[in-house]
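Undergrad: Okay, handing you the structure first.
The values are calculated or read from the model by the stated rules, or taken from the named source; none is laboratory data. Keep in mind that this is a model prediction, so the values were computed, not measured. Neighbour counts run over all protein chains shown; Cβ positions are idealised from the backbone, glycine included. Side chains are part of the model used for accessible areas, which takes the heavy atoms of the whole protein and leaves out ligands, DNA and RNA. Shrake-Rupley method; radii C 1.70, N 1.55, O 1.52, S 1.80 Å.
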Amino acid sequence: MNRRFRLSTALDIDDLLMECIPYAIALANEKYRFDPPLTIYEVNRWGKLGTRADAIFEFFQDPDFYRNQSVIPGAREFVGKLSEMTEVFVSTSIPPEFMGIRAQRILSEFPEIPPDHIYMGSRKDKINVDILFDDGMHNVFQSNAAYPILMRRPWNQDATGMLAVNNYDEFLKLVEVIADSYRLRTEPLNLENPSIVVLVGPSGSGKTTIAKRVLEKTDRFEKLVSYTTNDPTSLQKNQWYNYVPLEEFRQMCESGEIFESTMYAGHGYGSKKADVEAILRRHKHVLTTMDICGAMALKTNFRNVITIYIQRDKRKLLASILRKNSSIEDKVNRLIAVDTEKQNEEICDYSVRFDTYDQAVAQICEILKIPANA
């Protein structure tokens, strides 16, 4: 992309650069001696929940809380790297009486951020930047930034369709992709250098059906089977996922066994790095379907990752969602996400528009320079 100016990025502070909810949970456990201890997974959405987790809110009224917040490991290095890539601002929501404390902490901990780049207040939709990085789902939804990006946390697990990442490295990779989004990619796949192909698109776009048909057309691909906490009875006909219980899934994520994960309609989805590496060792190309969050995780962890956005006629897409055997709430979440996901096309390497599945498969084979039935 040819730009006469640097990209600009606004960063949140709480739970993005400094510990907030985990710190409040630790204080609550120390004060109230909860048995079992309160965990971060109990804060599954923002705001008071009517549960014991509401105990954390009392600490947000204490000035010492803001004086003693610890910097998240890797945050200083992250801000340093990001400052070399974009112009960095801070957009932080904090009670007025604690703004002075917050400003002093920012200037002390992150000297790369100039004082006049610090904005305080809850109206983050008024910040005029290219990229917003925040863990607050409402801030990302309402942002006027060209690329509002969500940091995945337990309290935003219901977010669907928006740009999202799991860690700093994935965000930095996404910034690279955004800055390079207008570069035309021309290199084909090469069997001497196996690649990873990710089909990205909104729910109802038909990406899973297209992936299955690509696998039927050529033997050069192998599908990546992922893992989910979704009801195993709903997976009986879906060979793209293995079921794991929620607690086991969380342990796999925390240990790093699962390198990319997301929550969708209350269910966890993720992939193992070892599974990708095993396919590549077999000298096969990896084929998978993911949301944009998973695609960026792949680009962060592997080379030669190609993303293809699947765009379908909107009426057919909506009809496909409505026909799904799922709850009303799930369908509403998917419908809401349709327009939000459209921006993901801009940062994918290629885009496919089709009327029939055969057309989509033919386009993908042409993009990858792989003849059908090869």
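Undergrad: Open to solvent by less than 30 Å² (accessible area, probe 1.4 Å), assigned to a loop (DSSP other than H, G, I, E, B) and within 22 Å of M137 (Cα to Cα): which single residue out of I94, I56, I25 fits that description?
TA: Answer to the selection: I94.
Undergrad: Here are some residues: I106, I113. Which one is within 17 Å of L17 (Cα to Cα) and touching a helix residue (DSSP H, G or I) at 6+ places or on another chain (Cβ under 7 Å)? Step through it out loud before you land on a result.
TA: Details: I106 fails: touching a helix residue (DSSP H, G or I) at 6+ places or on another chain (Cβ under 7 Å).
Only one candidate qualifies: I113.
Undergrad: I need the full set of residues from the range 106-140 which are among the charged types (D, E, K, R), within 14 Å of T86 (Cβ to Cβ) and within 23 Å of the chain's Cα centre (by Cα), in order please.
TA: D130
Undergrad: I'd like to check something: does the range 145-163 contain any residue that is out of contact with any Gly (no Cβ under 8 Å at 6 or more places or on another chain), under 13 Å from L11 (Cα atoms) and small (G, A, S)?
TA: Yes, the range 145-163 contains at least one residue that is out of contact with any Gly (no Cβ under 8 Å at 6 or more places or on another chain), under 13 Å from L11 (Cα atoms) and small (G, A, S).
Undergrad: Which residues, taken from the range 132-172, are in a strand (DSSP E or B) and not hydroxyl-bearing (S, T, Y)?
TA: Listed by number, the residues that qualify are L132, F133, D134, P148, I149, L150, M151, L163, A164, V165.
Undergrad: Still on this structure, I have one more. Is there a residue in the range 206-214 that is part of a loop (DSSP other than H, G, I, E, B) and modelled with pLDDT of 80 or more?
TA: Yes, the conditions are met somewhere in the range 206-214.
Undergrad: Which condition number does I72 fail, the rest of (1) without any contact (Cβ under 8 Å) to a residue 40 or more places away in the chain; (2) open to solvent by less than 70 Å² (accessible area, probe 1.4 Å) being met?
TA: (1)
Undergrad: Return the residue satisfying two criteria in turn: it lies in the range 301-331 and is β-branched (V, I, T) and closer than 18 Å to D358 by Cα, and of such residues it is surrounded by the fewest Cβ atoms within 10 Å (Cβ to Cβ).
TA: I308
Undergrad: Hey, another quick one. Would you be able to tell me the number of residues in the range 42-53 that are within 20 Å of L246 (Cα to Cα) and open to solvent by 80 Å² or more (accessible area, probe 1.4 Å)?
TA: Matching residues across the range 42-53 total 1.
Undergrad: Does any residue in the range 339-360 that is within 22 Å of I196 (Cα to Cα) come within less than 7 Å, Cβ to Cβ, of a residue that is at pLDDT 85 or above and in a loop (DSSP other than H, G, I, E, B) six or more places away or on a different chain, and which pairs are these?
TA: Y357/G206
Undergrad: Sticking with this structure for a sec: Pick from V175, V129: which is part of a loop (DSSP other than H, G, I, E, B), more than 17 Å from D14 (Cβ to Cβ) and modelled with pLDDT of 90 or more?
TA: So the residue among V175, V129 that is part of a loop (DSSP other than H, G, I, E, B), more than 17 Å from D14 (Cβ to Cβ) and modelled with pLDDT of 90 or more is V129.
Undergrad: So, one more: Within the range 278-285, identify whether any single residue is over 28 Å from M137 (Cα atoms), surrounded by 22 or more Cβ atoms within 10 Å (Cβ to Cβ) and either touching a Lys or Arg at 6+ places or on another chain (Cβ under 9 Å) or without any contact (Cβ under 8 Å) to a residue 24 or more places away in the chain (or both), and answer yes or no.
TA: The answer is yes, given that some residue of the range 278-285 is over 28 Å from M137 (Cα atoms), surrounded by 22 or more Cβ atoms within 10 Å (Cβ to Cβ) and either touching a Lys or Arg at 6+ places or on another chain (Cβ under 9 Å) or without any contact (Cβ under 8 Å) to a residue 24 or more places away in the chain (or both).
Undergrad: Could we say that S226 is at negative phi, in contact with a helix residue (DSSP H, G or I) (Cβ under 6 Å, 6 or more places away or on another chain) and either open to solvent by 20 Å² or more (accessible area, probe 1.4 Å) or hydroxyl-bearing (S, T, Y) (or both) here?
TA: No: the conditions fail for S226.
Undergrad: Take the range 138-153 and flag every residue that is aliphatic (A, V, I, L, M), out of contact with any Pro (no Cβ under 6 Å at 6 or more places or on another chain) and either buried (at least 20 other Cβ atoms within 10 Å of the Cβ) or at pLDDT 90 or above (or both). Quick ask: steps written out before the conclusion?
TA: Keep residues of the range 138-153 that are aliphatic (A, V, I, L, M), which gives 140, 145-146, 149-151.
After this cut, where a residue has to be out of contact with any Pro (no Cβ under 6 Å at 6 or more places or on another chain) as well, the list is 145-146, 149-151.
Matches in the range 138-153: A145, I149, L150, M151.
Undergrad: Mind listing whichever residues of the range 102-126 are modelled with pLDDT of 95 or more, surrounded by 18 or more Cβ atoms within 10 Å (Cβ to Cβ) and among the charged types (D, E, K, R)?
TA: Hits for the range 102-126 are R102, R105.
Undergrad: Quick check on this structure: which one of D134, D158 is closer than 25 Å to G270 by Cβ, of a type in the set (D, E) and open to solvent by 30 Å² or more (accessible area, probe 1.4 Å)?
TA: Details: D134 fails: open to solvent by 30 Å² or more (accessible area, probe 1.4 Å).
It is D158.
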